[in-house]
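*Asks:* Dropping the structure in here first, questions after.
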Amino acid sequence: MSAPAAFLLRFALPVGIGAALLYAATLSLDPYSLTILQFVGINVILAVSLNITNGFTGLFSLGHPAFMTIGGYVTAILTMPATRKTAMLRDLPSILAAHEWPFAASLTAGGLVAALAAVIVGIPVLRLRGHYLAVATLGLIFIVQSFAVNLPGITRGALGLAGLPPVTNVWWVYLVLVLTLLTCWRVKHSSLGRTMLAIRENELAAASLGVKVARTRVLSFALGAFFAGVAGGLWAHLVTLIAPGSFSILLGFQLIVMVVLGGTGSIAGAAIAAVVLTLSTEWLRPIEEAAGLFGASQIIVAVGVILVLIFRPSGLFGTAEPNVFGAFARRRRHAQSTP
Amino acid sequence: MQISPAPLLKVERLAKNFGGVRALNGIDFALNEGDLVGLIGPNGSGKTTAFNIVTGILKPSEGRITFGGADVTGNAPETNAALGMARTFQNIRLFNDLPVVDNVMVGLHRKRGPGFLATVLGLRAAARAEAEIRQRAMAVLDILGLSGRAAERVGGLPYGDQRKVEFARALASDPRLLLLDEPTAGMNPYETADLGATIARLHRELGITILLVEHDMKMVMGICQRLVVINQGNMLAQGTPAEIRADQRVVEAYLGHGRKGGRQRGPEDVHAVG
């Protein structure tokens with residue numbers, strides 16, 4: 001199979017089918033279901049990007065809510081109409097206050113600022129071994145929150161930024177989702193991704209082979225943070241609000257659960273887990289309300305995590321990807337080699 | 001006697017303290033390009049410590065290490081790897097969850113791996129680099145007779161083959177110096193002999209410079225051109241296998257004082273004694 005044909009089959013075809021299904025969904029689904037669909041997409045982006053840091057490189061980061069908050073605020077401030085900015089955000093530099101950025105540029109900027117924050121935090125912390133990163137990223141969530149609360153001239157403090165233009169729609173989410181999956185897939189199946197997995201498997205051996213351990217870790221941390229920042233921007237413009245408490249440690253925990261359930265290192269696994277968990281919490285909500293058992297779904301999820309950790313500690317897929325085309329190609333090769 | 005060129009690796013007055021314990025106390029040795037040298041000594045003599053200092057995993061307390069004319073004392077392992085040192089580990093350290101060929105490919109990233117942007121943008125150059133890396137890794141696996149197991153998960157391989165994968169991984173990067181830390185640890189005599197033959201063959205065919213830390217005297221005596229013996233952190237002797245075999249201090253370090261009137265014993269007996 002030639003390279004362009006493989007690309008068409010593996011990438012363009014699924015993306016095209018996805019777009020067609022999505023178009024059908026926009027025609028047939030009610031607005032509530034479409035919103036849920038967008039949350040599903042955003043959660044897949046978050047879980048898959050967290051999987052770069054936690055799954056590929058084996059770091060334990062809880063920091064996604066912090067990067068989402070950073071990305072969400074940056075995107076929100078940039079897209080806000082200039083008149084509202086000058087009235088509401090008095091400490092904003094005039095160069096930002098005078099202009100209203102297009103959504104794509106704002107999202108990118110949000111992602112880049114989040115990635116920059118990850119680099120700044122990562123350079124000192126990622127030199128240390130062990131679970132320092134978990135503690136440091138936990139602290140980062142609260143640091144970012146208090147910045148958001150205490151810079152009222154830029155963020156409107158605890159009030160948050162409400163009434164954002166509702167520019168996020170299924171197509172934006174789908175675009176970012178495809179870009180996230182494509183980037184993660186390429187990184188994982190490349191020389192670079194292999195060094196990340198090598199660091200996860202045995203750091204000392206990787207270093208002895210000339211892998212730049214500290215730099216690769218910072219890179220994977222920042223790459224995860226970039227997509228978290230973009231997802232934060234999407235989220236903010238979906239609910240048209242961002243406040244210091246929008247993205248809490250609880251969300252960080254749910255994302256960790258998705259990665260652990262799906263398989264640390266498996267892109268498809270994290271994506272599937274994100275879809276299932278987002279939908280099931282949404283569907284269980286009316287049942288909880290009817291039965292008067294609020295929080296039951298969280299207990300079910302937590303028990304599920306414990307069971308997975310006992311019986312399948314590496315998650316449902318481990319590091320592998322369920323490769324339909326690969327299995328097909330293998331069978332054909334096998335058939336050719338045994339006439 | 002011919003004038004020898006500047007040595008590839010030179011270790012001078014190397015010393016290491018762990019708290020109050022002096023693990024190494026002034027070790028000197030040198031390797032020329034193309035040498036196959038064994039670093040030997042009884043258990044706890046400081047062989048692996050010396051080895052870890054040379055590769056950069058431990059920092060020396062005193063002394064100087066030069067490699068290819070440059071001072072590499074206290075360098076990080078990745079820096080030394082970039083300069084051309086490649087090593088294996090006494091307790092095998094493979095990337096267990098990865099296939100055999102991927103383990104070898106990791107060692108090729110530093111020299112040939114495409115950058116981040118080329119990878120993410122899916123540039124043609126990245127795909128070509130990836131194909132080259134895979135080809136080179138397969139070629140090295142072929143040298144060690146492992147190409148048939150390239151796609152297997154390395155954690156599932158038998159012990160002897162895992163050792164060979166470690167060799168392949170180290171060899172793939174075309175190192176200037178290959179450092180092997182007790183490659184026969186945990187092997188039976190048959191596997192040991194097989195591995196010794198492999199090391200000798202790599203040295204002969206690829207002309208690669210090798211420093212071998214080893215416990216198994218028989219194997220070392222058979223393949224090394226020169227031996228460095230250390231005992232309790234001190235230099236004990238240095239010379240050809242024949243010289244070392246005849247050196248009474250070495251025999252004593254390994255076996256203690258011989259009984260009066262007992263038969264003359266050589267270091268090979270260590271193997272038999274266990």
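The values are calculated or read from the model by the stated rules, or taken from the named source; none is laboratory data. The structure displayed is predicted, hence computed values, not measured ones. As a convention, Cβ positions derive from the backbone with ideal geometry for all residues, glycine included, and neighbour counts pool all protein chains shown. For accessibility, only protein heavy atoms count, side chains too; no ligands or nucleic acids. Shrake-Rupley method; radii C 1.70, N 1.55, O 1.52, S 1.80 Å.
*Asks:* Take the Cα atoms of region A:3-337, find their three principal axes, and give me the spread along each one in whole Å, biggest first.
*Replies:* 72, 52, 48
*Asks:* Please give the total accessible area that chains B and A bury against each other, computed with a 1.4 Å probe and expressed in Å² to the nearest 100.
*Replies:* Details: alone 13450 and 16900 Å², together 27940 Å².
The B and A chains share an interface burying roughly 2400 Å².
*Asks:* With just the Cα atoms of region A:67-123, tell me how far they stretch along each of the three principal axes, in Å, largest first.
*Replies:* That gives 38, 23, 17 Å along the principal axes, largest extent first.
*Asks:* From the residues A:Leu251, A:Leu62, A:Leu9, which one has its Cα farthest along the dipole of chain A in the positive direction, the dipole being from +1 and -1 charges on Cβ of Lys/Arg and Asp/Glu about the Cα centre?
*Replies:* The one lying farthest along the dipole's positive direction is A:Leu9.
*Asks:* Just name one of A:Ala236, A:Ile45, A:Leu316: the one whose Cα is farthest towards the positive end of the charge dipole of chain A (beta-carbon charges, Lys/Arg +1, Asp/Glu -1).
*Replies:* Farthest along the dipole direction, towards plus: A:Leu316.
*Asks:* Also, I was wondering about something else. On a C-alpha basis, how far is the centre of region B:151-224 from the centre of region A:33-100 in Å? Whole number, if you could?
*Replies:* What the calculation gives is 52 Å, centre to centre.
*Asks:* Give, rounded to the nearest 20 debye, the magnitude of the charge dipole that the protein assembly as shown has about its Cα centre when Lys and Arg contribute +1 at Cβ and Asp and Glu contribute -1 at Cβ. Each step should come with its number before you reach the end.
*Replies:* Numbers: 52 positive and 37 negative charges, 120 e Å.
The dipole of the protein assembly as shown has a size of about 580 debye.
*Asks:* Normalise the Debye intensity by I(0) for the protein assembly as shown, one equal point scatterer per Cα, no solvent, then take log10 at q = 0.05, 0.12 Å⁻¹ and round to two decimals.
*Replies:* Normalising to I(0) and taking log10 leaves -0.30, -1.18.
*Asks:* If you wrap a convex hull around the C-alpha atoms of region B:96-174 and split its volume per residue, what is the figure in Å³? Present the calculation step by step, with values, prior to reporting the outcome.
*Replies:* Numbers: hull volume 6.6 nm³, N = 79.
Cα-based convex hull of region B:96-174, divided per residue, equals 83 Å³.
*Asks:* What residues from region A:47-68 fall in the zone where the backbone N is under 18 Å from a label point 7 Å along the Cα-to-C-beta line of A:Leu116?
*Replies:* From region A:47-68, the list is A:66-68.
*Asks:* Okay, moving on. Stokes-Einstein D for region B:118-269 at 10 °C, 1.306 mPa s, Kirkwood Rh over Cα pairs, in µm²/s? Mind showing how you got there, number by number?
*Replies:* On the way: Rh = 18.1 Å.
Roughly 88 µm²/s, to the nearest whole number.
*Asks:* Hey, another quick one. Taking 0.36 nm per intervening residue step and subtracting the Cα-Cα distance, what contour gain separates A:Leu13 from A:Leu241 on full extension? Let's see the in-between values first.
*Replies:* Working: separation 228, 0.36 × 228 = 82.08 nm, distance 3.55 nm.
Gain on extension, A:Leu13 to A:Leu241, equals 78.5 nm.
*Asks:* Let me ask another. Give, rounded to the nearest 20 debye, the magnitude of the charge dipole that region A:3-337 has about its Cα centre when Lys and Arg contribute +1 at Cβ and Asp and Glu contribute -1 at Cβ.
*Replies:* Result for region A:3-337 is approximately 1080 debye, rounded to the nearest 20.
*Asks:* Compute the distance in nm between two label points, each set 7 Å from the Cα along the Cα-to-Cβ direction, one at B:Lys111 and one at A:Tyr23.
*Replies:* Going from the B:Lys111 label point to the A:Tyr23 one covers 5.1 nm.
*Asks:* Just to confirm, what accessible area per residue do you get for the protein assembly as shown at 1.4 Å probe, in whole Å²?
*Replies:* 46
*Asks:* Could you work out the pair-distance distribution P(r) of chain B from its alpha-carbon pairs, with 10 angstrom bin width and percents rounded to whole numbers?
*Replies:* 6, 27, 33, 22, 8, 2, 0, 0
*Asks:* Then there's this: Expressed as a whole percentage, what fraction of the accessible surface of the protein assembly as shown belongs to carbon and sulfur atoms when a 1.4 Å probe is rolled over the protein heavy atoms? Walk me through the intermediate numbers first.
*Replies:* Working: 17410 of 27940 Å².
The C+S portion of the solvent-accessible surface of the protein assembly as shown is 62 percent.
*Asks:* May I ask which of B:Lys111/B:Lys164; A:Lys212/B:Lys111; B:Lys10/B:Lys47; A:Lys212/B:Lys47; B:Lys10/B:Lys218; A:Lys188/A:Lys212 have a Cα-Cα span longer than 20 Å here?
*Replies:* Working: B:Lys111/B:Lys164 22 Å; A:Lys212/B:Lys111 12 Å; B:Lys10/B:Lys47 16 Å; A:Lys212/B:Lys47 27 Å; B:Lys10/B:Lys218 26 Å; A:Lys188/A:Lys212 17 Å.
B:Lys111/B:Lys164; A:Lys212/B:Lys47; B:Lys10/B:Lys218, as the Cα separations exceed 20 Å there.
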